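One structure is given here, and the rest of the page talks about it.
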């Protein structure tokens, strides 16, 4: 009798523990709490966050709640934000942009982290033997458009170009990665390139003034600091008649002439798909391959092309210039 009673108590404890584990993984009353850390407010990252939230809301309705925080461009703020998410034991963290991803990966090894607006996960997370997935608690979506095609686009628009300046923020590891790759791709096309790096917005204008004296055009990658300061680039490059080729559409709207761009809302939705697989289907983040945007479009700001007397070939979709606030 005692043995039966002991077994009954043990079974009850197991059931309670199992129920607690289920509640822990699903949140209170089957709801999911998701923390969102976005590096800075600008159109591209905003669109990625929107796509992520829209997808999960469509799938889960009021079963998912979001704690959306913006780091105002400060890496240290990313660490503060994600540590708050960890201490609150959220079910999942969305890390929007590389510094947010790095902070989240450092803050927790157990809570799933989904990145978005990340150019190269191997570079961001210092993974040497990259095989498409992290093997840790991290996965996500990528914002990298094929750099060989972007180099070919520059040659297509300016067939006789010989010198391109590559402008990016030295604090962004993924921008350095893009600069290295596109430099090699330009070299294959017989185009010389020079890197021009700036530490933050304070020295961007002075770096630009040096760059425009030595190049026929500028290429800017998917760089968050650039995206937040397109007005400075426009104000320097437009009077100097230096065209800017942009790594993504929102930078192009701010200061560029043409781009081969992804949709940031699309990669946000892809991050949402990964989050759903983790939260609802029980998948492990580290087993899920990093995903890429499928739809790429060549786009042109025709007003800037006309001002520079650049004839853009057919097949480019027109987009409007946008002035920085």
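Of 241, 323, which residue is on the phi > 0 side of the Ramachandran plot and not assigned by TED's automatic domain parsing to the domain that holds residue 59? Outline the logic, then answer.
Numbers: 323 fails: on the phi > 0 side of the Ramachandran plot.
Residue meeting the stated conditions: 241.
Of all residues in the stretch 286-325, which are over 11 Å from residue 258 (Cβ atoms) and touching a helix residue (DSSP H, G or I) at 6+ places or on another chain (Cβ under 6 Å)?
288, 290, 291, 293, 321, 322, 324
Could you list, in sequence order, all residues of the stretch 112-124 that are buried (at least 19 other Cβ atoms within 10 Å of the Cβ) and in contact with a helix residue (DSSP H, G or I) (Cβ under 6 Å, 6 or more places away or on another chain)? Lay out the reasoning, then the answer.
Initially, the stretch 112-124 is screened for residues buried (at least 19 other Cβ atoms within 10 Å of the Cβ), giving 112-121, 124.
Passing the criteria: 112, 113, 114, 115, 116, 117, 118, 119, 120, 124.
Of the numbered conditions (1) surrounded by 24 or more Cβ atoms within 10 Å (Cβ to Cβ); (2) assigned by TED's automatic domain parsing to the domain that holds residue 207; (3) at pLDDT 95 or above, residue 138 satisfies every one except a single condition; which is it?
Failing condition for residue 138: (2).
Which of the strands (runs of 3 or more DSSP E) contained wholly in the stretch 157-254 include at least 3 residues that are over 22 Å from the mean Cα position of the chain (by Cα)? Walk me through it before giving the result.
On the way: elements: 163-169, 192-198, 217-220, 244-246.
Strands (runs of 3 or more DSSP E) meeting the threshold: 163-169, 192-198.
Looking only at the stretch 136-153, filter to residues that are under 12 Å from the mean Cα position of the chain (by Cα) and in a strand (DSSP E or B); which one of those is farthest from residue 218 (Cα to Cα)?
We begin by selecting, within the stretch 136-153, every residue under 12 Å from the mean Cα position of the chain (by Cα); these are 140-145.
Okay, now just the ones that are also in a strand (DSSP E or B), so 140-142.
Working: 140: 30, 141: 27, 142: 23 Å.
Only one residue tops the list, namely 140.
For the stretch 65-111, how many residues are touching a residue at least 40 places away in the same chain (Cβ under 8 Å) and surrounded by 17 or more Cβ atoms within 10 Å (Cβ to Cβ)?
The qualifying residues number 18.
So, restricting to helices (runs of 4 or more DSSP H) that lie completely within the stretch 41-135, which ones have at least 1 residues that are farther than 22 Å from residue 178 by Cβ and at pLDDT 95 or above? So that I can check it myself, show each step before the final result.
Numbers: elements: 43-60, 75-87, 98-107, 121-125.
Fully inside the stretch 41-135 and qualifying: 43-60, 75-87, 98-107.
The values are calculated or read from the model by the stated rules, or taken from the named source; none is laboratory data. Remember, predicted model here, so these are calculated numbers, not experimental data. Cβ atoms come from the backbone with ideal geometry, glycine included; neighbour counts cover every protein chain shown.
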